[in-house]
There are 2 protein chains.
Amino acid sequence: VSAPIWVELGDRRYPVIGLPGDAGSVAASIDEVARPGSLIVLTDENVHAAHGDALSRALDARGRTARWHVIPPGEGSKSVTTISRLWEEVFSEPVQRTDTVVAVGGGVVGDLGGFLASTLLRGIDVVQVATTVLAMSDAAVGGKTGINVPAGKNLVGTFHQPRAVLQWTGALATLPERERHSGVAEVVKSALLAGEEEVAWLETNGVALASGEPAAVTHAVQMSAGLKAKIVADDEREGGARRLLNLGHTLGHVIEHATGYGSWTHGEAVATGMVLALDLGQARGFGTPELRERVVSILAAQKLPVAPPSLTVGQWTGPLAVDKKRTGDSIQFVFCSAPGNCQVVPVPIVDVVDWLSRMC
Amino acid sequence: VSAPIWVELGDRRYPVIGLPGDAGSVAASIDEVARPGSLIVLTDENVHAAHGDALSRALDARGRTARWHVIPPGEGSKSVTTISRLWEEVFSEPVQRTDTVVAVGGGVVGDLGGFLASTLLRGIDVVQVATTVLAMSDAAVGGKTGINVPAGKNLVGTFHQPRAVLQWTGALATLPERERHSGVAEVVKSALLAGEEEVAWLETNGVALASGEPAAVTHAVQMSAGLKAKIVADDEREGGARRLLNLGHTLGHVIEHATGYGSWTHGEAVATGMVLALDLGQARGFGTPELRERVVSILAAQKLPVAPPSLTVGQWTGPLAVDKKRTGDSIQFVFCSAPGNCQVVPVPIVDVVDWLSRMC
């Protein structure tokens, strides 16, 4: 077990802890990081089926009161309806300021659990227990929370840093293959932001990673979380460097939105969004065909899509108008000239529309 | 016009500005304090009827895009249903990070508007335009936001400091008398926390204040907001001194809850809650009969109730179990030995129940 990564945020600093063990080791870690008080455990039906009993017993054995709230899996649960129901359910029993929300799952559970914690009694602790590659490598670190509204993804949410992030790599064995591959999209993004060494590692270890070899996956999620920890410590609220983490997300979000959140996973949309960002970047003078080909090869080796679905120009451009990354008449893209050399570039929305209409 | 009071919170410091003028002066002040961007104006039907047209025209005249969202007046609007509707309504048009929520109204609009702003795009600015004595003297200052759930008041919410607070004393002329009196309860609370001079001022100026004389009301709300600004600057998140501001609120909230949020105003409930806190305090060795009588006289002069409604023991104690001020088996009360000499005292819930059952 390697040493924790720390997200250095002064008196709100917190560790990202890798946990290769079973539910008992997770319960021990939760018990250690959470303040005394009840645990409000949020998870989805899949994670609950795989780990609910074992985790529940292990928390009981430590004398931890835990109230479980189980939601349907999938992006559809990041909804106003679900958070409304959770608010009522959670307060059907007394909640105290020292209680802790424990979000056990992937990005959906983490985003929803973080938002829930940030709004209970004006903010209580949340411990993120990440069970997917996506959550371990990206979503669980950094304090972004959110739910979706009809107009778009994560438009409602807060910043609420967790008390700790537990990367439960021991749970990856039960993760469906497609989910595992999807999560690697965020690892590829991190590598592209980090530098040549990280990109080369992905090229060398693509087979091991794609087959889910534990050592390779652990290395990948720790590399990615480590990069994110550094960026978040420098720019908690996304005023500067943190915006780099949106690489692939501008058009990735559009793909998710246009396809109804479900037929494409978040990671699949980000993978294709990254390729599109490299394409648009090239059209505007950033990067090379070689860089694009390297990224496409890496993504393809992880069984990730590299070409967009068939959408109309209107489907592409509608969601951009309400994107959080929009400022005035421009929208922010992340373009890369080389591994480790990426930057945030505002692009006039008319230019994006023009480029997309030639692509459609 | 007196100089602004500043809430000193480092790079998030903000002014509390008294505005005795008309809608034009309010629009000018909003235009000055809000960043460039659209205004998402939240108000209630009463305020809208009295000031909506004038304020809308004045903002238009300054070239400010304003989208209005008008909610029914009253505590019932601080609901999951209303915030859900607002999230959908607000995002029916694009929202940008530089946009500002402008909450024009009393405590309900301010709490809801603050919560809305804190959850749009993970937090955008809010300007609080307080039109009631309650909001000017207390609610609009300090960044507490919230909505109610069936289990209790403000159980869902966030801390989200405003960009500025405008005390629109010019709007008080249209405020119903009962609302004006209710708001003075928070002023009395502040005076009791502040010291002898402030309590004596209320005794001397009770008639002017009760009749709504502008100079007296302005003095009162500035005294109260000034005290709150100091306390919030010292203890933003209510870990220490800020808990003193809960004077009268522990049992006040119970009265509001048990009577269904409506038949008693918040201020009326706090007034009676203060008297009850002085009673319970005396029973536990804090304060004197003389202090209680002074406070009762001051409240009565403001036409505020000083005796509780008829409730069962169960009605009194049920809401205490889910109170945010509960820690373990105790609940925090604020007891006063003398003006300016108050303290937070945890009282075992069994003792509160025992005391209440003798009172019932």
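The values are calculated or read from the model by the stated rules, or taken from the named source; none is laboratory data. Since we're looking at a predicted model, the values are computed, not measured. In this analysis, Cβ positions are derived from the backbone assuming ideal geometry, glycine residues included, and neighbour counts consider all displayed protein chains. Surface accessibility is based on the protein's heavy atoms, side chains included, excluding ligands, DNA and RNA. Shrake-Rupley method; radii C 1.70, N 1.55, O 1.52, S 1.80 Å.
Summary table below
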{"read-out": "Index of the failed condition, residue A:102 passing every other in (1) within 30 Å of residue A:211 (Cβ to Cβ); (2) away from chain B (no Cβ under 14 Å)", "value": "(1)"}
{"read-out": "Subset of the stretch A:208-223 (residues that are within 15 Å of the chain's Cα centre (by Cα) and open to solvent by less than 20 Å² (accessible area, probe 1.4 Å))", "value": "A:220, A:221"}
{"read-out": "Selection from the stretch A:278-318 of residues that are at negative phi and either of a type in the set (Asp, Glu) or touching a strand residue (DSSP E or B) at 6+ places or on another chain (Cβ under 6 Å) (or both)", "value": "A:279, A:281, A:286, A:290, A:293"}
{"read-out": "Selection within the stretch A:309-322 - under 8 Å from residue A:254 (Cβ atoms) and at the interface with chain B (Cβ under 9 Å from one of its Cβ atoms)", "value": "none"}
{"read-out": "Strands (runs of 3 or more DSSP E) lying entirely in the stretch B:136-198 (those with 3 or more residues that are in contact (Cβ under 8 Å) with a residue 40 or more places away in the chain and either open to solvent by 10 Å² or more (accessible area, probe 1.4 Å) or away from chain A (no Cβ under 14 Å) (or both))", "value": "B:164-167"}
{"read-out": "Test: residue A:277 is of a type outside the set (Asp, Glu) and open to solvent by 50 Å² or more (accessible area, probe 1.4 Å)", "value": "no"}
{"read-out": "Qualifying residue in the stretch B:106-117 (condition: facing chain A (nearest Cβ under 10 Å) and touching a residue at least 24 places away in the same chain (Cβ under 8 Å))", "value": "yes"}
{"read-out": "The one condition in (1) open to solvent by 50 Å² or more (accessible area, probe 1.4 Å); (2) free of Cβ contacts under 8 Å to residues at least 60 places away in the same chain that residue A:52 fails to fulfil", "value": "(1)"}
{"read-out": "Options A:5, A:40, A:30, A:71; residue that is surrounded by 15 or more Cβ atoms within 10 Å (Cβ to Cβ), touching a Pro at 6+ places or on another chain (Cβ under 8 Å) and modelled with pLDDT of 95 or more", "value": "A:5"}
{"read-out": "Residue list for the stretch A:184-220, restricted to those being out of contact with any helix residue (DSSP H, G or I) (no Cβ under 8 Å at 6 or more places or on another chain) and not aliphatic (A, V, I, L, M)", "value": "A:195, A:196, A:197, A:204, A:211, A:213"}
{"read-out": "Number of positions in the stretch A:38-49 that are of a type in the set (Gly, Ala, Ser) and closer than 20 Å to residue A:76 by Cβ", "value": "1"}
{"read-out": "Single condition residue B:221 does not satisfy, out of (1) closer than 22 Å to residue B:173 by Cα; (2) free of Cβ contacts under 8 Å to residues at least 12 places away in the same chain", "value": "(2)"}
{"read-out": "Hey, residue A:301 of a type in the set (Gly, Ala, Ser), out of contact with any Gly (no Cβ under 7 Å at 6 or more places or on another chain) and closer than 25 Å to residue A:220 by Cβ or not", "value": "no"}
{"read-out": "Only one of A:81, A:65 that is touching a Ser or Thr at 6+ places or on another chain (Cβ under 7 Å), surrounded by fewer than 17 Cβ atoms within 10 Å (Cβ to Cβ) and within 14 Å of chain B (Cβ to nearest Cβ)", "value": "A:65"}
{"read-out": "Residue identified as free of Cβ contacts under 8 Å to residues at least 12 places away in the same chain and hydroxyl-bearing (Ser, Thr, Tyr) among A:77, A:92", "value": "A:92"}
{"read-out": "Residue in the stretch B:119-134 that is part of a helix (DSSP H, G or I), within 14 Å of chain A (Cβ to nearest Cβ) and under 30 Å from residue B:326 (Cβ atoms) present", "value": "yes"}
{"read-out": "Qualifying residue in the stretch B:256-266 (condition: of a type in the set (Val, Ile, Thr) and modelled with pLDDT under 95)", "value": "yes"}
{"read-out": "Any hit, the stretch B:259-279, residues being hydrophobic (A, V, I, L, M, F, W, C) and in contact with a His (Cβ under 8 Å, 6 or more places away or on another chain)", "value": "yes"}
{"read-out": "Any hit, the stretch A:11-18, residues being touching a strand residue (DSSP E or B) at 6+ places or on another chain (Cβ under 7 Å) and open to solvent by 50 Å² or more (accessible area, probe 1.4 Å)", "value": "yes"}
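Here is a yes/no grid of residues against (1) under 13 Å from the mean Cα position of the chain (by Cα); (2) surrounded by 18 or more Cβ atoms within 10 Å (Cβ to Cβ); (3) hydroxyl-bearing (Ser, Thr, Tyr):
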{"residue": "B:225", "(1), (2), (3)": "yes, yes, no"}
{"residue": "B:233", "(1), (2), (3)": "no, no, no"}
{"residue": "B:244", "(1), (2), (3)": "no, yes, no"}
{"residue": "B:251", "(1), (2), (3)": "no, yes, no"}
{"residue": "B:255", "(1), (2), (3)": "no, yes, no"}
{"residue": "B:265", "(1), (2), (3)": "yes, yes, yes"}
{"residue": "B:270", "(1), (2), (3)": "yes, yes, no"}
{"residue": "B:281", "(1), (2), (3)": "no, yes, no"}
